[in-house]
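One structure below.
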């Protein structure tokens with residue numbers, strides 16, 4: 001039997017996934033905040049945050065940022081998209097995107113791309 005906390009957590013992930021799909025399809029041009037997700041789940045934002053922290057040991061933003069970072073990396077792996085293109089797709093101003101990416105990945109988007117090129121050359 002699934003616990004209520006697990007259900008809330010899985011519903012949270014589902015809302016994030018659906019929202020990010022809408023962002024990528026251009027249906028929306030802003031990112032959700034925790035209160036937006038909580039509203040869709042009919043839960044108070046503080047309760048949602050507490051349940052997820054209690055259930056996983058991590059803040060809800062951790063999961064959102066992790067999914068967003070994976071999408072950003074996928075786009076950065078495709079050289080048809082400039083860093084500015086990736087930023088705009090993900091609703092960021094390019095300079096803010098670079099700061100955000102460096103915070104979560106440890107390198108800038110351009111450095112990440114350079115690492116990919118270096119790795120590909122080493123394999124070839």
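The values are calculated or read from the model by the stated rules, or taken from the named source; none is laboratory data. Because the structure is predicted, anything quoted here is derived from the model rather than measured. Neighbour counts run over all protein chains shown; Cβ positions are idealised from the backbone, glycine included.
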Problem set entry | Scan of region 14-39 for residues that are surrounded by fewer than 16 Cβ atoms within 10 Å (Cβ to Cβ) and either touching a strand residue (DSSP E or B) at 6+ places or on another chain (Cβ under 8 Å) or assigned to a helix (DSSP H, G or I) (or both), ordered by number | 14, 17, 18, 21, 22, 24, 35, 36, 39
For this session: Return only the number of the condition from (1) at pLDDT 95 or above; (2) within 28 Å of residue 6 (Cα to Cα); (3) in a helix (DSSP H, G or I) that residue 86 does not satisfy.
Result: (2)
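Filter region 40-80 down to residues that are in a loop (DSSP other than H, G, I, E, B) and at negative phi and give me whichever is modelled with the lowest pLDDT.
By that ranking, first place goes to 79.
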Exercise. Looking at region 71-107, which of the residues that are touching a residue at least 24 places away in the same chain (Cβ under 8 Å) and over 25 Å from residue 18 (Cβ atoms) is surrounded by the most Cβ atoms within 10 Å (Cβ to Cβ)?
Worked result: 83
